[in-house]
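The values are calculated or read from the model by the stated rules, or taken from the named source; none is laboratory data. Everything numeric in this text was worked out from a predicted model, so none of it was measured. Cβ atoms come from the backbone with ideal geometry, glycine included; neighbour counts cover every protein chain shown. Quick note on the areas: whole protein, heavy atoms, side chains included, nothing else; ligands and nucleic acids left out. Shrake-Rupley method; radii C 1.70, N 1.55, O 1.52, S 1.80 Å.
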Amino acid sequence: MTLQEQSRLLSLSTELVLLIFEHLPNYALLSVAKTSRRLHYLALPIYFTRHGIESNPVPRTLVLQEKAVPALPGLRAALFITSVENISCKFEGPEELYFTWGVVELLRFVHRLSRVSRVSLNVGNIDTRWIDGLATAASEAWKPAFIRLLDTVIERGCESLTVAHGHFLVASSLLKEGSRLDGPVVAPPARTFLGLSLPRRKQAAHAHVSPQNKLASFFVHSNMLLSPPFYEWTLRMLHTSPLTSLSLRISGISQATWPLILDAISLPLLTSFSAETTDIAFPALLHFLKRHPTITALSLHPHFSHPRIPAPSKYHKKNDLVPNLVALRGSTGNIATLLDYLHPNTARGVQEITLVLPMRQRILQLADFDALSTLIAGAMHDNTPTTLALRFSVPYETPQPRGTGVRAKARLSLGSVETVAFSTDGHFAFAKWVAPHMTTWLGANFAKLQCVRLSVDCVSSADAREDLVRSIKETCLTVRTVVFEDEISF
């Protein structure tokens, strides 16, 4: 576009310019946006709308997936986007070239921001070993760029970071104990993992916390972060960040390796810990918890239960296992196993319990709810929490109530609950299978119930929600509030 042509375009009214821009392809819109400030603010909103991104008002949250990912060059060019509160990006695959392009473009975008508070990176299941049905060698080209992206996110003041999936990016041999990148599997030397040296606990405890590092919540939901070359970066973050929340949701790491990894972690400010990993043995988990008495919220695996091992008698229990615990989440078996180990004073202090409950794909009758009460009471022992959250999920295993006389204790355990929250995992027709007899169950067992919270996916239509609210308030006379939320946080 010549200077004279550009001048003619600028002389047109805004309405005419917008009509012209509606007929331009995306690459032309992006080029025009770089020619003048006026055209910049007219062209980019159209560009973003085509990619499913609202730019008016200036976005504080960016969800980049599917057609929004190609908008990264435009986001990088936008003068009116200087900081972002939340970035959620799902990289596309399996083509490595497109995946690498997305990593580099996101790096460039984040680099020009002044601040970003929360970042979630979903690496997906990209597998560069298989392209067009042909086996190829996995490239290492994208890995330095991904590490630079992670570093840049931290430099921009990120307080919460999530990295998820990417299972195919790691060869299975690298996840075996003692594996190295340059040789066969060998017996590991003392305190090594994947050929990398693990620091001693004392070294970790005295690691320098950078004042520029504001990372408080770290969600390690990808085994990629525990494989070279990312493991050293992950360990550095664990040692130099003021972490108060840590979540480990990883598969493929051997059970013998997890004690080494957990023993290398020392977080004096940790208040929330999630260990939703099947290969972490219960003794290794207990050892980690004893070293972190500051934990107030704990999440155990929601489906697979740890094998139950004998717990000390109540006369020999020490109050050194998460003495400040307030909130507990997991399967009924895992909740019961942990409560067996807690000191009675600690167990009584747990006021928020979230149970992941298995449900069959059929309408629950009153007898099913009686069995549900028994299952809940068996998990909670003699606890009397004020908040109970129930997440219904397709069962991985069939839990059995623990303890004797559980049915008699059911109403006692549920009678102290003031708030009940319901949610599903997306595989469950809550309105069809649970809701019909749920209100009768609530009215008969929750004597102090005041608030009922439900995720919006529990009941789809507005009319059905109104009917459910009316039914709850008519059956449960103590309930004052019934609310529907986009997402029930635990």
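The C-beta contact set for the stretch 424-451 (first residue closer than 13 Å to Gln365 by Cβ and modelled with pLDDT of 90 or more, second residue among the hydroxyl-bearing types (Ser, Thr, Tyr) and surrounded by 15 or more Cβ atoms within 10 Å (Cβ to Cβ), distance under 8 angstrom, 6+ apart or interchain) comprises Thr440/Thr475; Trp441/Ser373. Among residues that are farther than 20 Å from Leu289 by Cβ and among the aromatic types (Phe, Trp, Tyr), Trp258 is not included.
Would a scan of the stretch 362-373 turn up a residue that is assigned to a loop (DSSP other than H, G, I, E, B), free of Cβ contacts under 8 Å to residues at least 40 places away in the same chain and surrounded by fewer than 19 Cβ atoms within 10 Å (Cβ to Cβ)? Looking for residues that are assigned to a loop (DSSP other than H, G, I, E, B), free of Cβ contacts under 8 Å to residues at least 40 places away in the same chain and surrounded by fewer than 19 Cβ atoms within 10 Å (Cβ to Cβ), one finds none in the stretch 362-373, hence no. Annotation note: of Leu226, Leu238, Leu298, the sole residue that is free of Cβ contacts under 8 Å to residues at least 60 places away in the same chain and within 25 Å of Ile335 (Cβ to Cβ) is Leu298. Given the criteria modelled with pLDDT of 90 or more and either over 24 Å from Thr374 (Cα atoms) or open to solvent by 20 Å² or more (accessible area, probe 1.4 Å) (or both), does Val420 qualify? No: the conditions fail for Val420. Of Leu285, Leu270, which residue is outside any loop (DSSP other than H, G, I, E, B) and crowded, with 19+ Cβ neighbours inside 10 Å? After applying the criteria, what remains is Leu285.
If you go through the stretch 118-144 and keep only what is buried (at least 17 other Cβ atoms within 10 Å of the Cβ) and at pLDDT 90 or above, you end up with Arg118, Val119, Ser120, Leu121, Asn122. Among the candidates Glu466, Glu485, the residue that is modelled with pLDDT of 85 or more, within 28 Å of the chain's Cα centre (by Cα) and of a type in the set (D, E, K, R) is uniquely Glu485. Taken over the stretch 254-279, the residue count meeting the criterion of being over 24 Å from Ser160 (Cα atoms) and in contact with a helix residue (DSSP H, G or I) (Cβ under 9 Å, 6 or more places away or on another chain) is 5. Within the option set Thr49, Thr82, being over 19 Å from Ile154 (Cα atoms), open to solvent by 30 Å² or more (accessible area, probe 1.4 Å) and modelled with pLDDT of 90 or more holds for one residue only, Thr49.
Among the conditions (1) modelled with pLDDT of 90 or more; (2) in contact with a strand residue (DSSP E or B) (Cβ under 7 Å, 6 or more places away or on another chain), the only one that Phe21 does not satisfy is (2). I'm checking my understanding of the structure. Among residues of the stretch 374-393 that are out of contact with any Pro (no Cβ under 9 Å at 6 or more places or on another chain) and hydroxyl-bearing (Ser, Thr, Tyr), which one is surrounded by the fewest Cβ atoms within 10 Å (Cβ to Cβ)? Applying the filter and picking the extreme gives Thr386. Note on the stretch 337-361: residues that are in a loop (DSSP other than H, G, I, E, B) and β-branched (Val, Ile, Thr) total 1.
Taken over the stretch 442-463, the criterion of being within 32 Å of the chain's Cα centre (by Cα) and either open to solvent by 70 Å² or more (accessible area, probe 1.4 Å) or aliphatic (A, V, I, L, M) (or both) is satisfied by Leu442, Lys448, Leu449, Gln450, Val452, Leu454, Val456, Asp457, Val459, Ser460, Ala462, Asp463.
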